[in-house]
Amino acid sequence: MAVRAGLPRITARVHLDLLQSEDGRRTAAELTRRLKVSPASVSVAVNYLVRHGYVRRERDPQRRRDVYVIDDEAWYRSVVLSARQTLETARAALASAEEVGPDDLVGRRMARTGAFLERISLDLLESADRWRPLLT
């Protein structure tokens, strides 16, 4: 399902392995060994997951290596990050529409697109905040 939703295959496997781990934690070496993939593949996958808010990186001072953690807030952060990125797109479309002008077909299309994306993004941010307590 994650691959169909747009995640790269190895990234989806790393994410699923973290979700299914008892404590939601794994090192890069553990992920490499468990998934039988290269360390470079794990690095790319983890960087993607960190960048998109699915996973966070913690330092294990005893073993001096990073530990990748998925926690109860991961889905909240991911939804909020995505909604904020869409909101940026919406605002760029609205600015573009204003620049082109309301009498132009492209201007009207950009205004409609911007308004739609802005409303959806704001609704999603409000909804994420409202339902966040379900994660704790």
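The values are calculated or read from the model by the stated rules, or taken from the named source; none is laboratory data. Source: prediction; values computed, not measured. Ideal geometry is used to build each Cβ from the backbone, glycine not excepted, and the neighbour counts take in all protein chains shown. Only protein heavy atoms, including side chains, enter the accessible area calculation; ligands, DNA and RNA are left aside. Shrake-Rupley method; radii C 1.70, N 1.55, O 1.52, S 1.80 Å.
Structural remarks
- From the options 121, 127, 96, 82, residue that is surrounded by 12 or more Cβ atoms within 10 Å (Cβ to Cβ), out of contact with any Pro (no Cβ under 8 Å at 6 or more places or on another chain) and closer than 30 Å to residue 30 by Cβ: 82
- Any chance residue 71 is open to solvent by less than 60 Å² (accessible area, probe 1.4 Å), at pLDDT below 95 and of a type in the set (Asp, Glu): yes
- Region 15-42 residues that are in contact (Cβ under 8 Å) with a residue 24 or more places away in the chain and farther than 19 Å from residue 5 by Cβ, paired with ones that are assigned to a loop (DSSP other than H, G, I, E, B) and open to solvent by 40 Å² or more (accessible area, probe 1.4 Å) (beta carbon under 9 Å, 6 or more apart): 24/71; 24/72; 27/63
- Against the numbered list (1) closer than 30 Å to residue 112 by Cα; (2) among the acidic types (Asp, Glu); (3) assigned to a loop (DSSP other than H, G, I, E, B), residue 88 comes up short only at (3).
- Considering (1) open to solvent by less than 50 Å² (accessible area, probe 1.4 Å); (2) part of a helix (DSSP H, G or I), the lone condition that residue 77 does not fulfil carries the number (1).
- Residue satisfying condition, being touching a helix residue (DSSP H, G or I) at 6+ places or on another chain (Cβ under 8 Å), more than 21 Å from residue 12 (Cβ to Cβ), at pLDDT 95 or above and not small (Gly, Ala, Ser), within set 122, 31, 105: 122
- Any hit, region 55-64, residues being farther than 30 Å from residue 110 by Cα, modelled with pLDDT under 95 and surrounded by 17 or more Cβ atoms within 10 Å (Cβ to Cβ): yes
- Residue ID - nearest to residue 78 (Cα to Cα), chosen from residues in region 1-40 that are open to solvent by less than 40 Å² (accessible area, probe 1.4 Å) and of a type in the set (Ser, Thr, Tyr): 11
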